[in-house]
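Note sheet for the following structure.
The values are calculated or read from the model by the stated rules, or taken from the named source; none is laboratory data. Values in this document were obtained by computation on a predicted structure and should not be read as measured data. Backbone-built Cβ (ideal geometry, glycine too); neighbour counts: all protein chains shown.
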Amino acid sequence: MSKRKSANHVHRYKKVNLSNTKDKPYYVYKCQKPACSHYLPVTLAEGTICECNRCFNPMLLTKAILTHSSGGPMTRPHCNDCVKRKKSDAVDAIASFLAGVDTGNKV
């Protein structure tokens, strides 16, 4: 009786296109760990536990991650804690001006 070696790690995914044609792409998540040949179709990925590509902690692939800002799944999924928010100095200055705080800038 042969035993299949089960995966003893949490997969870290990257989105790849397995289609031969550009007309109809077939996206899957491929595990990026060495010696792992695991593939998962993107359509079946919701609810799967994987590793964050930035902090390497386990996370759950949710609908929000699979329909990210571009409307499609992330190429390298990362958790909500690792999202880098862009915050402009101009936005801070306007917010402090409206709040009535003196920033020291003279006009």
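For residues that are in contact with a Pro (Cβ under 7 Å, 6 or more places away or on another chain) and loosely packed, with under 14 Cβ neighbours inside 10 Å, tally how many sit in the stretch 11-39.
Number satisfying all stated conditions: 2.
Scan the strands (runs of 3 or more DSSP E) fully inside the stretch 14-55 and keep the ones with 2 or more residues being more than 21 Å from C79 (Cβ to Cβ).
Here the list reads 39-41.
If a residue has to be hydrophobic (A, V, I, L, M, F, W, C) and either at pLDDT 75 or above or assigned to a loop (DSSP other than H, G, I, E, B) (or both) to count, how many in the stretch 68-92 make the cut?
Of the residues in the stretch 68-92, 4 are hydrophobic (A, V, I, L, M, F, W, C) and either at pLDDT 75 or above or assigned to a loop (DSSP other than H, G, I, E, B) (or both).
If a residue must be of a type in the set (V, I, T) and touching a His at 6+ places or on another chain (Cβ under 9 Å), how many such residues does the stretch 41-74 contain?
Residues in the stretch 41-74 being of a type in the set (V, I, T) and touching a His at 6+ places or on another chain (Cβ under 9 Å): 3 in total.
Between a residue in the stretch 61-84 that is farther than 15 Å from Q32 by Cβ and any residue that is among the small types (G, A, S) and in a helix (DSSP H, G or I), which pairs come within a Cβ distance under 8 Å, given they are 6 or more apart or on different chains?
N80/A64
Scan the stretch 40-67 for residues that are under 13 Å from V10 (Cα atoms), surrounded by 15 or more Cβ atoms within 10 Å (Cβ to Cβ) and either in contact with a Gly (Cβ under 9 Å, 6 or more places away or on another chain) or among the hydroxyl-bearing types (S, T, Y) (or both) and jot them down.
Once the filter is applied, which keeps residues that are under 13 Å from V10 (Cα atoms), surrounded by 15 or more Cβ atoms within 10 Å (Cβ to Cβ) and either in contact with a Gly (Cβ under 9 Å, 6 or more places away or on another chain) or among the hydroxyl-bearing types (S, T, Y) (or both), the stretch 40-67 yields T48, L61.
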